[in-house]
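Notes to accompany the following structure.
The values are calculated or read from the model by the stated rules, or taken from the named source; none is laboratory data. Keep in mind that what you see is a predicted model, and the values were worked out from it rather than measured. Note: ideal-geometry Cβ built from the backbone for every residue, glycine included; neighbour counts use all protein chains shown.
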Amino acid sequence: MQNKTSNYVKLGIFVVSAILIFVLAIYYLGSKQHLFRTNFVVYTDFRTVKGLKTGNNVRFLGIDVGTVSAITIINESLIRVRMTIDEDVKQFIKKDSKVEIDSEGLMGSKIITIIPGTMSAGIVDDDDTLESIETVNVEDILSELERTTGYTTRVASNLDEITRKINQGEGDLGMLVNETSLKNELDRSTREINLLVQELRQVISKFNSTDNDMGRLLNNNSVTERFAGIAENLDSASSDARKITQELNRAAEAINYGSGTIHRLIYDTIFIRGIDTTLLNVNAGIDEVIETADAIKKSWIINVGSKKGKNK
Amino acid sequence: MNGTSHKGFLPYQPVREIFKEIGAIASFSTTVTRQLFKRPLELPELLRQSYYLGYKALPLVLITGFILGMVLTIQMRPLLVDFGAESELPGLVTISIVREIGPVIIALICAGKIASGIGAELGSMRVTEQIDAMEVSGTNPLKFLVATRVLSTTFMVPLLVIVADFISLIGSYTAMNIHSNISLSLYLSLSFDDLTFLDVIPATVKTVVFGFIIGIVGSYKGYHAEMGTESVGIAANSAVVTASLSIFVIDLLAVQITDLISIL
């Protein structure tokens, strides 16, 4: 009898444990789906729900706060989504909050994300309708990717053609790449540049040594000192020249604007005319003197004296 | 009614036998179900059968469940790691176990242990004419022997499945911690993230049907065992085969019904 009771106790423990596990699992599952909490309902309208299903999560600030409780077609371009959200988060959801449909990862199920609104809009009420945002979905991205792939293929095809032409030596670039004479030219140029560099090195080494005039010029200070003396002399000479120039300026000013003889000689036409007249008069005087002298010479008085002397 | 008329409808003998067996089991089920609602309740016998059929199967179910969870996790993990979806592993394992693998595997184990046990026990009682003696003594063997066993399997198999599912999750959690470090609370959170009532309720209802079928098939095979010692073995063996096959067929139907519900 005792054994029988013990068996019943064991059976009882087993049954109770199993039922407890089941009840806890149901409760945990229910709490995950917000079944055992106070909830409130808000609505939103979409043109398409992109595979959203009843029971999908509603996420606010990255936290699952509710579930999609119903999806109803209103008309051909409008679908109403009913969301059951935990009452505790109601105070954080504002009337101007926006709603969008997202995916949980690339292959994950759809979720509804509530984007927070502004404080001034006020807290959302039961049965309010939140504004929805149509987002870019994976299908759109794939479509864009397909278009981009098409472009890429065309670019790759063009590149392939270009490289083919270059390889076959077509066009300037092809010739540039494939022509060997250019390479020979480059080789020759390189050799010449090398030679030039060698010569330059020799020249520079000569410049560095003091065995020649240029080297001495570059490396010896005495030349520099001599040049410095020359420069000083030149400086002194230029100072003298400046003085001479100033004197000449003054003389020129005196000639140009003064009242001296030279000024009058150059600029005074009356004076010149006077001189000309004087010279004419002098010339006439000289002619008269010469005539007078000739007359004197030929006069008898002078000749008398000369004949007496000859007679003796 | 001669043989020719049967041949006209179902000419192939084994096929005819299968349908005959299905019809007989259905008829037996109806009779037993009717007995379930008749007094007396036979509570002591019910508890005794529940202890032997349910509690005694617990160690086997616990070990199987634990290993099931571990193996499933270890096998799935590399594939999910390749996709960078290791965090999906608890949810995936939980859904697999709760929806399908847990109920079916545990039901098959129960079919092996319980149905064969009932078949052998009732078969030996039939062979040793104990059932006939009960009928003679005025005790209803269908009520006392069959109804109590069917009722206890109907209750015990779902409970065994629930415990096995739980132990499988513990096994899965242990396997997860071999390669990575995850807390139990996070594991449970991830496990129940993708689980819905549509996963749990149909699976639980399914196990009730499994339990009923295991009890009915085991009892039918034992109750209708033919005379002779070897028929006990045949009854036990036939009970396991028929119960296992029935489990798969019912599972297929259950999946279809669940799909229909989820679409609606």
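Condition first: more than 25 Å from the chain's Cα centre (by Cα) and of a type in the set (Lys, Arg). Can you find one or more residues in the stretch B:85-105 that meet it? Looking for residues that are more than 25 Å from the chain's Cα centre (by Cα) and of a type in the set (Lys, Arg), one finds none in the stretch B:85-105, hence no.
Keeping to the stretch A:115-124, report how many residues are in a loop (DSSP other than H, G, I, E, B) and either closer than 27 Å to A:Lys50 by Cβ or touching an Asp or Glu at 6+ places or on another chain (Cβ under 8 Å) (or both).
Narrowing the stretch A:115-124 to residues in a loop (DSSP other than H, G, I, E, B): A:116-118, A:122, A:124.
Checking the rest, the ones that are also either closer than 27 Å to A:Lys50 by Cβ or touching an Asp or Glu at 6+ places or on another chain (Cβ under 8 Å) (or both) come to A:116-118, A:124.
Looking only at that region, the number is 4.
Filter the helices (runs of 4 or more DSSP H) completely within the stretch B:1-115 down to those with at least 1 residues that are more than 14 Å from chain A (Cβ to nearest Cβ). Explain how you work it out, then say what you get.
Values: elements: B:3-9, B:13-36, B:43-53, B:58-82, B:89-95, B:102-110.
Correct list: B:3-9, B:13-36, B:58-82, B:89-95, B:102-110.
For the stretch B:168-190, a residue qualifies if it is within 14 Å of chain A (Cβ to nearest Cβ) and either surrounded by 23 or more Cβ atoms within 10 Å (Cβ to Cβ) or aromatic (Phe, Trp, Tyr) (or both), and the qualifying residues are B:Ser168, B:Leu169, B:Tyr187.
Taking the stretch A:33-60 as the range and being among the small types (Gly, Ala, Ser) and touching a Leu at 6+ places or on another chain (Cβ under 9 Å) as the test, only A:Gly55 passes. When restricted to residues that are assigned to a strand (DSSP E or B) and either over 17 Å from A:Lys53 (Cα atoms) or out of contact with any strand residue (DSSP E or B) (no Cβ under 9 Å at 6 or more places or on another chain) (or both), the stretch A:96-114 contains 1. Quick check on B:Val209: is it under 11 Å from the mean Cα position of the chain (by Cα) and in a helix (DSSP H, G or I)? Against the criterion (under 11 Å from the mean Cα position of the chain (by Cα) and in a helix (DSSP H, G or I)), B:Val209 qualifies.
Yes or no, residue by residue, for (1) exposed (fewer than 10 other Cβ atoms within 10 Å of the Cβ); (2) outside the structural domain of A:Glu87 (by TED's automatic domain parsing); (3) touching a residue at least 60 places away in the same chain (Cβ under 8 Å):
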site: A:Ser120; (1), (2), (3): yes, no, no
site: A:Ser143; (1), (2), (3): no, yes, no
site: A:Thr152; (1), (2), (3): no, yes, no
site: A:Asp172; (1), (2), (3): yes, yes, no
site: A:Ser189; (1), (2), (3): no, yes, no
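Could you check how many residues of the stretch A:190-220 are among the hydroxyl-bearing types (Ser, Thr, Tyr) and in a helix (DSSP H, G or I)?
Of all residues in the stretch A:190-220, those among the hydroxyl-bearing types (Ser, Thr, Tyr) come to A:190, A:205, A:209-210.
Within this subset, residues satisfying the condition of being in a helix (DSSP H, G or I) are A:190, A:205.
Number satisfying all stated conditions: 2.
Test A:Ala70 against the criterion of being of a type in the set (Gly, Ala, Ser), at negative phi, within 14 Å of chain B (Cβ to nearest Cβ) and surrounded by 15 or more Cβ atoms within 10 Å (Cβ to Cβ), and give yes or no. The answer is no for A:Ala70.
If a residue must be surrounded by 12 or more Cβ atoms within 10 Å (Cβ to Cβ) and either assigned to a helix (DSSP H, G or I) or in contact (Cβ under 8 Å) with a residue 40 or more places away in the chain (or both), how many such residues does the stretch A:174-187 contain? Please lay out each step first, then the result.
First, the residues of the stretch A:174-187 that are surrounded by 12 or more Cβ atoms within 10 Å (Cβ to Cβ): A:174-175, A:177-179, A:182.
Checking which are either assigned to a helix (DSSP H, G or I) or in contact (Cβ under 8 Å) with a residue 40 or more places away in the chain (or both) leaves us with A:174-175, A:177-178, A:182.
Going through the stretch A:174-187 one residue at a time, the tally reaches 5.
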